[in-house]
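Below is one structure, written out as structure tokens, with a few remarks after it.
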Amino acid sequence: MSLDFSYRHLYYFWVVAKEGGLSRGAERLGVAVQTVSAQVRELEQALGHALLQPAGRGVALTEAGRAAMLQAEQIFQLGAALPDRVRDAATVPVVRLAVGVGGGLPKLVVWRLLRPVLDEPHLRLQIREQDFEPMLADLALHRLDVVLADRAAPPQQGLRLYSHRLGGSPVGWYAPPAWQSVLRDDFPRALARVPVLLPTRSATMRIALDQWFEREALHPQVVGEFDDSAMLKTFGAGGMGVFPAADWVHDDLVARYGVCRVGGSPGVEEPFFAIAADKRIQHPLVQRLWPEPAGDGRAQRAESRTLMSAARSAGGVAWRT
């Protein structure tokens, strides 16, 4: 990468902006005011915009300066963390696993899906929640090791991905205990008489629920739609409306949110998929997530341990292929 300015120029500008003046910036840096002024001027010339403007006895940021300051803050925050990151990498055999999670996938389900790898010594787990398509692009570029989602990856030209179905869960309906008697006596018809919360139409569960509503000739009173499953449960538990959730985490759901199950949705299932890039050597922790073929589980676990031992012996700062 070729730049027309050095990071010293940027650092001098950053210090001056934080101190609010060239003189105070020069004092902090331990150099002459003329040196600081020249460095900042060179940065402005390289970027083609004025970054500072006079303000009383000091200086203030221009609009361009504010944009440059935001970038500089991030750069020097990363720089400050560099010594610790290098020290940790040199002394601890860290094994990193970068996981992308679709916003519609329940957080309790994500935790259960990842349990096979959570006991790995020196694991450094990185979880990023984002939209489905950008996650697949990051997976193909090896910025992520695996994606957990409620759907398989669609065929896409140029993206070599494959999907593993990890399982699925029937979908039940949950509400605060005070609603239990009202709903259970006439479920699912009661959904037409009470407020209902649903995932948005981008969620796989929502598609299956809409089909179920149609089969049952139900017209629910939808008062809220949510991209985030945890937000859906929080508002439902707070009394805003009855809501659907994966029965797979029934016990955790009841204990954490204080709700009760008031009915089911026969034929509706929330699927769980792990999506990985098609590459010659797969991350050994990702391999642990797949359902074990009959008779192959012992061999698969042994192979995973061998790969992990090799990664740690090599210093194992991160796993990338």
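The values are calculated or read from the model by the stated rules, or taken from the named source; none is laboratory data. This one's a predicted model, so the numbers in the text were calculated from it and none came from an experiment. Every residue, glycine as well, gets a Cβ built from its backbone with ideal geometry; the counts of neighbours run over all protein chains shown. Calculation scope for accessible area: heavy atoms of the full protein, side chains included, ligands and nucleic acids excluded. Shrake-Rupley method; radii C 1.70, N 1.55, O 1.52, S 1.80 Å.
Helix 297-313 and the longest principal axis of the C-alpha atoms of the chain enclose an angle of approximately 10°. Straight Cα distances below 19 angstrom link Lys233 to the lysines Lys107, with same-chain residues fewer than 8 positions distant left out.
If you sort the three axes of the alpha carbon gyration tensor as a ≥ b ≥ c, you get a/c under 1.5 for the range 170-269, which makes it rounded. Computed from Cα positions, the angle between helix 63-91 and the longest principal axis of the chain comes to roughly 80 degrees.
By definition, a body whose alpha carbon gyration tensor gives a ≥ b ≥ c is prolate when a/c is 1.5 or more and a/b is larger than b/c, and the range 7-87 fits this prolate description.
Over the residues of the chain, the helix contribution to mean residue ellipticity at 222 nm works out to -13000 deg cm²/dmol, using -39500 (n - 2.57) for each DSSP H run of at least 4. With a simple spin-label model that places each label point 7 Å from the Cα along the Cα-to-Cβ direction, the separation between Met240 and Leu70 comes to 2.8 nm. Using the Cα gyration tensor of the range 156-210, with a ≥ b ≥ c the square roots of its eigenvalues, what is the shape: rounded (a/c below 1.5), prolate (a/b larger than b/c) or oblate (neither)? Here the range 156-210 falls in the prolate category. One decimal place: the segment Arg256-Leu123 gains 45.2 nm when fully extended, by the rule 0.36 nm per residue minus the C-alpha distance. Looking at the range 7-87, the accessible area is 62 square angstrom per residue; that uses a 1.4 Å probe and ignores ligands, DNA and RNA. Placing Asp84, Asp228, Asp150, Asp251 in order of accessible area, with the largest value first and a 1.4 Å probe, yields Asp251, Asp84, Asp228, Asp150.
Among the protein heavy atoms, those of Lys279 account for about 40 Å² of accessible surface (1.4 Å probe, every chain in place).
Comparing Gly104, Gly263, Gly65 in a Gaussian network model of the chain (Cα springs below 10 Å), the most mobile by mean-square fluctuation is Gly65.
Solvent exposure of Met240, expressed as accessible area, is near 70 Å², computed with a probe of 1.4 Å over the protein chains only.
Each Lys and Arg Cβ is given +1 and each Asp and Glu Cβ -1; about its Cα centre, the range 170-269 then shows a dipole of about 200 debye.
Using a probe of 1.4 Å, the accessible surface attributed to Arg193 totals some 140 Å² when neighbouring protein chains are kept in position. Centroid-to-centroid, using Cα positions, the range 75-114 and the range 207-235 are 33 Å apart. Report the relative contact order of the range 7-87, percent, no decimals, based on alpha-carbon pairs under 8 angstrom and at least 6 residues apart. Once divided by the residue count of the range 7-87, the mean separation gives 28 percent. Across His283, His250, His9, the residue with the most accessible area heads the list, and the full order at a 1.4 Å probe is His250, His9, His283.
Relative to the Cα centre, the charge distribution of the range 23-139, modelled as +1 at Lys and Arg Cβ and -1 at Asp and Glu Cβ, gives a dipole magnitude of about 320 debye. Sparse packing (at most 13 other Cβ atoms within 10 Å of the Cβ) combined with a DSSP loop state is found for the following trypsin sites (Lys or Arg not before Pro) in the range 51-121: Arg57. Figure note: Ile207, Ile75, Ile275 ranked by solvent-accessible area, largest first, 1.4 Å probe, ligands and nucleic acids not counted: Ile207, Ile75, Ile275. Apolar share of the accessible surface for the chain: 53 percent from carbon plus sulfur atoms, 1.4 Å probe.
Counted residue by residue at 0.36 nm each, then reduced by the alpha carbon distance between them, the extension gain from Ala50 to Gln156 reaches 33.7 nm. Model label sites at Ala38 and Arg85, defined 7 Å from Cα along the beta-carbon direction, differ in position by 3.3 nm. Placing unit charges on the Cβ atoms only, positive for Lys and Arg and negative for Asp and Glu, gives the chain a dipole magnitude near 760 debye about its Cα centre.
Grab the beta carbon distance between Leu78 and His164, set R0 = 35 Å, and tell me the FRET efficiency rounded to 0.05. Efficiency, from the Cβ-Cβ distance: 0.55.
What's the center-to-center distance, using Cα atoms, between the range 178-193 and the range 10-56 in Å? Using only Cα atoms to place each centre, the spacing works out to 67 Å. For a straight C-alpha distance cut-off of 25 angstrom, no lysines are reachable from Lys18 once same-chain residues fewer than eight places away are disregarded. Spin-label model, Arg215/Ser202: points 7 Å from Cα along the beta carbon direction are separated by 2.7 nm.
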